[in-house]
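Notes for the one structure printed next.
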Amino acid sequence: MVAPLVDAGPMGTKDIVERTGLRQPEVSVGMQELRDRNWIVSEPVPRAGKGRPMHRYKLTIALGQIRRHYEEQGRRTLEQFNIAMKVLRDRRG
């Protein structure tokens, strides 16, 4: 979900849907997760007429911090995998 914002800068939901191939509900869930992490801010987009309000999303975190987050997440996942494999090997007996 972060990649389109890194590549293109601030984007609306429709643009993110087009770039990622995800559906609008999936994009909304992803944007909420990024908001919860304080990685993005949502800016209202002025709109003529009626309809749902539109928003543009903008990153508020440095790329290095994003990279470190995912590297740490990957490291923890690998550690958990290795622990599980060790337990299985030890029980194989």
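All of the numbers you see were taken from the coordinates with simple rules; none came from a lab. From a predicted model like this one, the values you see are computed outputs, not experimental measurements. All Cβ positions, glycine included, derive from the backbone under ideal geometry; neighbour counts span all protein chains shown.
At most 15 other Cβ atoms within 10 Å and a DSSP loop assignment: could you name the trypsin sites (Lys or Arg not before Pro) in the chain that fit?
Filter output for the chain: R23, R37, R47, K50.
Determine the gain in length on full extension of the stretch E43-R75; use 0.36 nm per residue of separation and subtract their C-alpha separation, reporting nm with one decimal.
Contour length minus Cα-Cα distance gives 8.1 nm.
Which one is right for this structure if Cα Rg over 2.2 N^0.38 Å is calculated from it: (1) 1.42; (2) 2.07; (3) 1.52?
Checked against the structure: label (3).
Which value, in debye to the nearest 20, describes the size of the charge dipole of the chain about its Cα centre when Lys and Arg Cβ atoms bear +1, Asp and Glu Cβ atoms bear -1, and nothing else is charged?
Computed about the Cα centre, the dipole is about 200 debye.
So if each residue of separation counts as 0.36 nm, and I subtract the Cα-Cα distance between V87 and E26, what length gain in nm does that give?
Result: 18.4 nm gained on full extension.
Among L78, L22, L34, which one moves the most in a GNM of the chain with springs linking Cα atoms closer than 10 Å?
Maximum among the listed residues: L78.
Picking from I40, I83, I16, which is most flexible by a Gaussian network model of the chain using Cα springs under 10 Å?
Most flexible of the set in this elastic network: I83.
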